[in-house]
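The values are calculated or read from the model by the stated rules, or taken from the named source; none is laboratory data. Everything numeric in this text was worked out from a predicted model, so none of it was measured. For neighbour counting, all protein chains shown are included, and Cβ atoms are generated from backbone atoms with ideal geometry for every residue, glycine included. Surface areas here come from the heavy atoms of the whole protein model, side chains and all, with no ligands, DNA or RNA. Shrake-Rupley method; radii C 1.70, N 1.55, O 1.52, S 1.80 Å.
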Amino acid sequence: KIDREGLGKIGKVKREILEKLDREELEVLALELNLEKFRKLAQEEKMYEPFSIYPAIVRDISLLVPLETKVKEVLEVINLEGKELVRDVDLFDLFVGENIPEGMKSLAFHITYQAKDRTLSSEEVDSLHQKIVKALTQRGWKVR
């Protein structure tokens, strides 16, 4: 979805279909995309933002959250607390299963810190990272 508009669907292929194809041992996902909507979005005017000449610092964070928690909710907290020094946040792991409490999921993020006007100190990044950790735990999420 982009701005609440669906751009496609993803789902598991039914076991019966895989059996007919003699591929029942596989787990297959199918993706359907509306390429016309993508084409229109690609033609929209984009604002250029020059990259910073100052180095970035990446820190990872892993959380245990309830299954119904959306990744977007976590991203909003990180970006709100990080303000202008959080340059990028990427989800790199989502896990449910063994060693994760029932009703929970594990999310892991790379957080990239970078200033546009200076090199950040380790202390500055540590302090901001702890502020983000505090905000996440105040929501009842467990930082691992």
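Here are the numbers for the structure shown:
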read-out	value
DSSP-assigned coil residues among trypsin sites (Lys or Arg not before Pro) in region 61-138, each with at most 14 further Cβ atoms within 10 Å	70, 116, 118
Region 46-102 - percent of accessible surface contributed by carbon and sulfur, probe 1.4 Å	58
Cut-off of 10 Å, at most 14 other beta carbons, DSSP loop: longest stretch of the chain lacking such GluC sites (Glu not before Pro)	103-144
For region 1-56, size of Cβ-based charge dipole, Lys and Arg +1, Asp and Glu -1, in debye	160
Student exercise, region 19-144 dipole from Lys, Arg, Asp, Glu Cβ charges, in Debye to nearest 20	540
Distance from region 1-67 to region 86-126 (C-alpha centre basis), Å	19
Solvent exposure of region 42-108 as accessible area per residue, Å², 1.4 Å probe	71
Stokes-Einstein translational diffusion, region 34-83 - Kirkwood Rh over all Cα pairs, 0.692 mPa s, 37 °C, in µm²/s	218
Cross-link pairs beyond the 32 Å C-alpha cut-off, checked among 40/134; 37/131; 14/37; 83/142; 20/105	40/134; 37/131; 20/105
Residue-averaged [θ]222 nm for the chain, counting only DSSP H segments that reach four residues, each worth -39500 (n - 2.57)	-9000 deg cm²/dmol
Label assignment, Kirkwood radius over Cα pairs in Å derived from the structure, set (1) 18.5; (2) 14.9; (3) 17.4	(1)
Approximate shape of region 1-82 as ellipsoid semi-axes (Cα gyration tensor, √5λ), whole Å, largest first	35, 23, 14
Sites excluded, chymotrypsin sites (Phe, Trp or Tyr not before Pro) in DSSP loops with at most 16 other C-beta within 10 Å, longest stretch of the chain	52-144
Cα-based convex hull, region 88-144, per residue volume (Å³, whole number)	94
